[in-house]
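Comments concern the structure below.
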Amino acid sequence: MEQYTFTFEHDAERKFKGILERLNNDEYVIVEDVKLVYPDDPRYSDKQMVIDMDPEAALTFRLGMKWLKIRRTRTEEELKAEAEKKEKNTIKVTVKVDGYVPPTP
């Protein structure tokens, strides 16, 4: 099993839990129950849940909910490779206008 973070709209929790109930109990383990992504704005904040789950079971959510972000927990090496790939594919442009050079981040 792999650990996934599911992020969904604040008003889709009922649908999310309905799909979760259709799965067999041996296909998943809840690591972190549903919580607000931005607790400062509870009326409009997306919600998320962390679950250890079989990849096939995660597909059930992707097919059952049109707006759902599924992110598998990555190792340090995978995160580093993602960052390197993003950096490699990013184009940086410096524009000089009448002697002004913007500060680099």
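General remarks:
- Acute angle (nearest 10 degrees) that the helix 76-88 long axis makes with the longest principal axis of the chain, alpha-carbon atoms: 40 degrees
- Helix 55-64 axis, angle to the chain major axis (alpha carbon atoms, nearest 10°): 90 degrees
- A crude spin-label estimate for the pair residue 97 and residue 11, with each label 7 Å from Cα along the Cβ direction, gives 4.1 nm.
- Pair-distance distribution P(r) for the stretch 2-88, from all Cα-Cα distances in 5 Å bins starting at 0: 3, 14, 22, 22, 16, 13, 8, 2, 0 percent.
- Within the straight-line cut-off of under 22 Å between alpha carbons, the lysines reachable from residue 88 are 80, sequence neighbours fewer than 8 places apart in one chain being disregarded.
- Note on the stretch 43-89: Cα-Cα pairs beyond 18 Å make up 50% of the total pair count.
None of the figures in this text is laboratory data; all of them are computed from the coordinates on show. Because the structure is predicted, anything quoted here is derived from the model rather than measured. Every residue, glycine among them, receives a Cβ derived from its backbone with ideal geometry; neighbour counts consider all protein chains shown.
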